[in-house]
1. Can GLU482 be described as touching a residue at least 24 places away in the same chain (Cβ under 8 Å), part of a helix (DSSP H, G or I) and open to solvent by less than 30 Å² (accessible area, probe 1.4 Å)?
2. Is it true that some residue in region 592-599 is modelled with pLDDT under 95, part of a helix (DSSP H, G or I) and surrounded by 24 or more Cβ atoms within 10 Å (Cβ to Cβ)?
3. Quick one: which residue in TRP76, TRP63 is of a type in the set (A, V, I, L, M, F, W, C) and not in a helix (DSSP H, G or I)?
4. For residues that are open to solvent by less than 10 Å² (accessible area, probe 1.4 Å) and without any contact (Cβ under 8 Å) to a residue 40 or more places away in the chain, scanning just region 300-323, find the one that is farthest from the chain's Cα centre (by Cα).
5. What number of residues within region 732-758 are among the hydroxyl-bearing types (Ser, Thr, Tyr), open to solvent by 40 Å² or more (accessible area, probe 1.4 Å) and part of a helix (DSSP H, G or I)?
6. Looking at LEU607, LEU628, LEU616, LEU611, which one is closer than 20 Å to LEU814 by Cα, open to solvent by less than 10 Å² (accessible area, probe 1.4 Å) and part of a helix (DSSP H, G or I)?
7. Could you list, ordered by first residue, the pairs with Cβ atoms under 9 Å in which the first is in region 186-200 and open to solvent by 40 Å² or more (accessible area, probe 1.4 Å) and the second is among the β-branched types (Val, Ile, Thr) and assigned to a helix (DSSP H, G or I), at least 6 apart or interchain?
8. Check VAL688, VAL650 and return the single one that is under 23 Å from the mean Cα position of the chain (by Cα) and among the β-branched types (Val, Ile, Thr).
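The values are calculated or read from the model by the stated rules, or taken from the named source; none is laboratory data. Computed from a predicted structure; not experimentally measured. FYI the Cβ positions are ideal-geometry reconstructions off the backbone, even for glycines, and counts take in every protein chain you see. Surface areas here come from the heavy atoms of the whole protein model, side chains and all, with no ligands, DNA or RNA. Shrake-Rupley method; radii C 1.70, N 1.55, O 1.52, S 1.80 Å.
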Amino acid sequence: MPHDPNRFDRPLLITTKFRAPSGACSLVTRERLLQRLHAQRQRRLTLIHGPAGFGKTTLSLQWRQRLQDAGVNVAWLSLSREDNPLDRFLTYLVEAVRVGDPTLDVDVAAQLEAHPEQAASIVVTELINAFEDAERDFYLILDDWHLIVERQVRDMMNSLLEHAPPGFHVVITSRERPSMPLARLRVSGELSEVDASDLRFTVSESQAFLCDLNELKLDAAAVHSLWSSTEGWVAALQLASLSLRNVADAPGSVERLSSDLHDGVATSFGGDHHALGEYLVENVLDLLPADVLDFLLATSILDRLCADLCAAVSGCNDSQRMLELLEKQDLFIQPLDEHRAWYRYHHLFAAHLQGRLERQSSERKAQLHRAASAWFGANAHTDEAVTHALAAGEAERAIELVQRDAMWLVQHSAMSTLRELVLRLPPNQLRDRPALQLAIAWAHCLTHRPVQARESLALAEAELTRRSLRNDVLDPDKETTEALAEVRVLEACVRIYQDEVDGVEELVRPCIAPDAPYRPWLVAVASNIFTYVLLHRHAYDDAITLQALTRPFHERTEGPFSGVYGRCFAGIASRELGRLDEAASTFRSAHALAVTGIGRHSHAARLAEALLGELLVEMNQLDEAARLLQDSRKLGVEGGVADFSIATYVGSSRLLAQYGDSAASNDALDEGEHAFRHLGFERLRAAVVGERVRHALLRRDLDTAQRLLMEAPIDAGVEEVQASRAAPSSQAIEWLALSHSRVFLASGRAAKAQTVLEPVLSAAIEGRRLLLEVRVRILMALALDGAGRLDLALDMAAMALRVGLAMGLRRSFLDEGSRFIEITQMVHERVLANQLPRAPWGSTLPALGDVELLGRSARAPDARPEAPAPEKRAAALGTAVGTLKRRETEILHLLARGQSNKEIARSLDIGVDTVKWYLKSIYGKLGVTTRATAVLAADRTVRFSEQGRKA
């Protein structure tokens with residue numbers, strides 16, 4: 001089958017891992033154990049542990065069937081050693097949950113790609129929220145947990161067990177007692193445990209297994225002899241049934257068989273399965289037809305088997321019939337789905353077959369792995385193809401496989417998947433692989449790892465240069481020329497991800513649309529990078545035109561990531577030009593492209609959400625903005641270029657301030673400050689400082705505002721504004737200049753405020769930056785008013801209102817303080833009385849109704865114009881309080897009494913960490929971030945409800 005990159009499926013054969021083996025259910029029903037499990041079904045953890053071959057999987061399957069028959073949702077996850085990497089395990093875990101209950105809204109794949117360092121926290125939080133919202137029992141069965149040795153994975157499961165709501169239950173099968181808080185769970189009555197002594201067959205169960213299921217003609221004494229010699233070990237009893245099936249005198253053979261089994265079982269229980277393996281050879285395998293034995297040996301290297309895969313590995317063209325034959329003969333094989341398409345061998349059986357294969361011919365084993373790698377590679381399962389290639393000792397093939405899909409992964413925003421694959425490859429064999437090094441550099445660059453990106457770039461460039469000069473060839477081939485061009489584009493991308501534009505145009509100019517002769521991805525990304533440069537030159541029309549020319553290249557890339565970025569940049573250009581509706585439409589288009597092309601929770605979708613959410617805050621469309629910005633904050637410190645981080649944190653802060661939650665508003669700015677420390681974006685720091693200054697002045701805290709500006713790392717005087725016109729730092733200087741003007745106004749130095757604002761206004765007019773111009777004119781109106789020049793102030797305000805309202809601006813007017821609201825009232829009155837002169841911008845104000853609304857919004861100096869009325873806010877809070885679960889309501893009442901987390905935990909007999917998780921859910925539902933504001937919100941709801949009843 002030819003490789004189709006669109007079929008790349010990151011998890012291996014993903015559905016088979018979530019389908020429980022169906023054949024095992026036909027074994028002896030363990031009714032005594034099932035009744036015990038049913039009686040203890042509400043316990044948080046069910047642990048089924050014992051040595052190999054004790055029927056742990058069979059029991060869990062039967063328990064699963066009972067639960068499903070009762071209408072309970074159950075997820076199944078079969079584990080293997082390859083599932084130890086945290087992000088791989090988490091991806092499988094989430095998918096298993098979704099298969100178990102498709103109605104649960106859990107989608108974290110894109111977040112895991114974007115933020116692998118936060119993976120465990122993201123998954124635990126999402127699952128807890130999903131289970132809490134579902135308000136019904138859910139069981140997660142993890143089969144073969146002993147194969148998971150990675151501490152991060154185990155810690156994550158412990159955290160999930162600790163914090164999940166009461167309806168979430170975990171069932172674990174393992175060969176050993178896992179490192180979990182078992183003692184605490186047992187003391188609290190949350191542990192149900194089934195061990196080896198429980199799993200051993202009783203005499204009656206042995207009778208049912210040997211005589212009823214396997215139809216052996218044995219008397220009670222023979223059954224008792226076999227049961228005694230095997231000590232009830234299911235695997236040994238199955239070996240006995242296989243041996244006796246082909247013996248003419250089964251009862252007469254039991255005595256010798258019991259003796260052999262007793263010796264084998266004794267050594268096997270001691271941890272050495274050699275004796276049982278010898279028994280298996282003499283009594284089972286050596287009696288099989290040669291073609292069946294050869295098929296077993298060849299396919300033993302596979303974790304899971306299907307007919308096509310087995311045919312490719314073993315050469316058996318009738319593999320489906322062979323698999324069904326093995327199942328019919330009970331040769332330790334189990335079907336993994338109801339269609340009998342996928343199977344697996346019992347671990348003990350597979351291990352013995354693999355050992356026998358290795359002893360017979362290590363070369364053949366390597367050949368089999370090569371064949372398996374070829375099949376997986378052809379079927380677009382790169383992960384498993386790499387695993388088998390490395391097992392065959394073919395590192396070069398493994399490298400080729402990763403290189404083949406590397407750029408597909410990048411273009412689909414799967415950077416952490418690529419990095420994980422690369423870590424499995426021998427690093428010394430990657431140095432002369434420029435194509436792979438370039439893909440690795442992209443993965444590092446797009447996740448803000450500039451040092452690692454440049455290391456890969458240096459390796460790629462050195463090899464490409466060596467190739468271009470080899471044999472004195474002065475005219476390198478097209479492929480090498482394009483790769484060297486990509487090196488330059490990548491360096492440019494690293495720079496803009498550090499918010500730098502110096503020298504970027506020279507790096508990307510040969511690759512931009514529409515005439516560049518390179519592949520679509522390279523042209524699309526280069527054009528995006530140059531668009532970013534144009535944005536900082538304030539050449540907004542040119543930026544929009546370039547993106548229009550680049551659209552055909554975006555459409556021809558394998559993934560939508562570059563197209564989302566391009567539309568976001570075009571939207572920023574429209575926004576700065578004052579075309580807010582056009583900007584919103586472009587951001588929505590970017591978001592739709594990301595959702596349909598990658599996913600609703602993808603990294604690319606979050607980028608568009610950040611820009612659209614911030615814009616909608618400005619346009620006073622707060623409800624939609626709240627949803628978008630809450631989602632975009634999940635980007636964390638890997639949120640693309642600086643513009644996305646600024647939109648996320650400053651937009652969120654402005655939004656939360658409108659809802660009266662100053663603590664949450666400040667938390668958003670704290671997150672922005674953290675992102676600045678990690679990324680070094682001066683523009684982000686300036687934006688955060690500016691928003692903090694505005695908050696301080698609105699609460700009349702001039703000292704704090706002055707201190708914040710003194711600590712700012714950038715000067716924002718007249719000279720600095722005039723000197724810096726076409727670099728990202730110019731925007732930071734301008735924003736801080738606006739903050740300085742606000743401080744000057746608050747301290748009674750209106751003339752100084754004018755002096756600072758004038759060069760910013762000139763720069764805005766010169767660059768046709770209408771959005772900035774309107775915002776500066778608002779402050780300039782306040783400065784003129786403060787200088788006693790009211791008529792000029794009203795003219796300036798009228799200009800700002802006329803243009804700003806027409807283009808959709810709202811919050812810039814509403815958030816500048818009560819004095820500007822008063823000025824707005826005066827403008828409205830004078831316009832109605834025809835007392836304002838005709839302005840050069842147009843004739844009359846186009847939205848008198850909006851101006852009147854602004855005038856009516858004037859309140860006390862510390863009020864928030866346009867914030868919801870108390871009754872509406874109370875109604876909203878009432879709705880939010882109504883969504884709290886019973887346990888959350890109990891915790892809220894205890895909060896109101898002033899109890900600490902420890903006191904609440906003692907009162908409700910739960911863990912302190914569990915209290916913290918409930919608090920997080922309460923805060924989210926009430927739209928608050930602190931204990932005090934949660935209590936206040938609930939109290940406010942009660943008070944308004946009481947007032948309504950009295951009225």
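1. yes
2. Within region 592-599, one or more residues are modelled with pLDDT under 95, part of a helix (DSSP H, G or I) and surrounded by 24 or more Cβ atoms within 10 Å (Cβ to Cβ).
3. Working: TRP63 fails: not in a helix (DSSP H, G or I).
Answer to the check: TRP76.
4. Residue satisfying both the conditions and the ranking: MET322.
5. Counting residues in region 732-758 that are among the hydroxyl-bearing types (Ser, Thr, Tyr), open to solvent by 40 Å² or more (accessible area, probe 1.4 Å) and part of a helix (DSSP H, G or I) gives 1.
6. LEU616
7. Here the result reads ARG200/THR230; ARG200/VAL234, each pair linking region 186-200 to a residue that is among the β-branched types (Val, Ile, Thr) and assigned to a helix (DSSP H, G or I).
8. Going through VAL688, VAL650 in turn, the sole match is VAL650.
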